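The structure appears below as structure tokens.
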Amino acid sequence: MAGLYPSVNDRDWNLLNKICQNTAGIADLEAGDVASVTGTTNQITASPNTGAVVLSIPSTFIAPGTIASTTTIKAGSSFIGLNGQTITGNASGAWAITANGTNQSITLTPSGTGIIAIPDGGKLGQTGYGLYVDSTQVQLQANSTSFITGTSTVTTLRAGGSTTGVFSSTAGIALTALGTNQSITLTPSGTGQVVATAGGAATAQLLVLASAAVSPAIELKDAAGTPNRWWVGSGAVSTTDGKFFIYDARQSAIRAVIGTTGNLLVGGLTTDGTNGVIQLPAASAIAGGVGFGTDWGLYRLSSTKFAIDAPGAGTTQVVWKNNGGEAVSITASGSSMLLGTNGTTTALTLDSSQVATFAQCIKISGAATTSGAGILSIGNTTQSTVGAAGGASALPATPTGYIKTFIGSTQFVIPYYAQA
């Protein structure tokens, strides 16, 4: 072996010499030499430890730091689908999937009937916000308050941290204001509408308002500076009287009521007098009655007086028609009353001095009766005798003239004389 010495260094020569003499061992390896390789649990496996060592990744792999992928990461033959994104763990042990780059999405796509599972008591989101799941319900939370809760029978929509809200169940859908004096607002956009549609039969209820404490009503309000507000509801006097009402909330006045008999009460009436299908209160002017056009009006002046009024007109006329044609009319002209027939013909004029003027003859069909002092009664009966002579002057032989008259179907004349 002396011939080899000049060609190698001292360390190699000593090792080679021991190997040739079969006396070399691990202890004879000098500093810097690798005798064996040992893997790290859940990171890398070395097998065998010496000789032709093979390094591999174990079936359960735990990375000591960040895993970065420039293309994709697969689970078996399936893609996890990160496509250049990263999965990182924070100090609290939670995991985050973070999209790298700008405007990149993260998509979780189960296959077939697979699901994205959240364990009982788990949450999808961050502290106080997100989707919470337990064994009985699913919640959407904001600011640590559930605003949507779903169970096997009820879905609840909450607002403002309240404990009740909008819910759907087998009993129907209820809209409940939460807390004290809170409002429920439905606001369509543009030309949109709040629509209630019957589920089947034409008689199905579309929208029901019910209240045990106050009369249920719907308010219609405009956008005026001082809004006009109209209430349409049930319970005009008490919450259970069954009277439908229209109420002017701005003026604090009931405008119309329909009672349980179906009668319409207007002008502030709330008590059904049962004296008509349409009832009005007593009024002292036309404004409290029923108007026609912009002038005529009818109103109850008192319990014994009914008024027909046409303010500003010098002459007014009420006409009774028969089959569309004028039959009888009463005309008020100043303080006189004219009774007309056949449309425009005046038959009788009664002036303000109670003088009656007849356009034609007067026909009397009944016998005269005792009418009291100062009253003349003329009848249609006759007689052929006279009573005893009185104290008046005897009639002159020749009268001033004669008045023609008919008694029955026979014409007669009645003499008349000049006044003394």
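Quick note: the coordinates plus some simple rules give every number you see, no bench work behind them. These numbers were taken from a predicted model, which means no experiment stands behind them. Here the Cβ is made from the backbone with ideal geometry for all residues, glycine too, and neighbour counts use every protein chain on show.
Things worth noting here:
- Computed label-point distance, nm, for sites residue 364 and residue 302 using a 7 Å Cα→Cβ extension: 3.5
- Largest-first ellipsoid semi-axes for the stretch 314-360, taking √(5λ) over the Cα gyration tensor eigenvalues, angstrom: 20, 12, 6
- Its relative contact order, with pairs defined as Cα atoms under 8 Å and 6+ residues apart, puts the stretch 314-360 at 24 percent.
- Neighbour counts of other Cβ atoms within 10 Å put 318, 208 in the fewest-to-most order 208, 318.
- Each residue of the stretch 52-65 was assigned a 3J(HN,Hα) from its phi angle through the Karplus expression (A = 6.51, B = -1.76, C = 1.60, θ = phi - 60°), giving 7, 6, 10, 9, 8, 8, x, 5, 9, 10, 10, 7, x, x Hz with x at Gly and Pro.
- With the simple spin-label model, which puts each label point 7 Å out from Cα in the Cβ direction, the residue 124 to residue 383 separation comes to 11.8 nm.
- HN-Hα J in Hz across the stretch 301-309 - Karplus 6.51, -1.76, 1.60, θ = phi - 60°, x for Gly and Pro: 7, 7, 5, 10, 10, 10, 10, 10, 9
- Which of 298, 186, 124 has the fewest Cβ neighbours within 10 Å, and the rest in rising order: 186, 124, 298
- Residues 414, 254 arranged by fewest to most Cβ contacts within 10 Å: 414, 254
- Amide H contacts under 5 Å for residue 380, placed H, 5+ residues apart: 366, 367, 368
- Here the stretch 335-402 and the stretch 283-333 have alpha carbon centers that stand 32 Å from each other.
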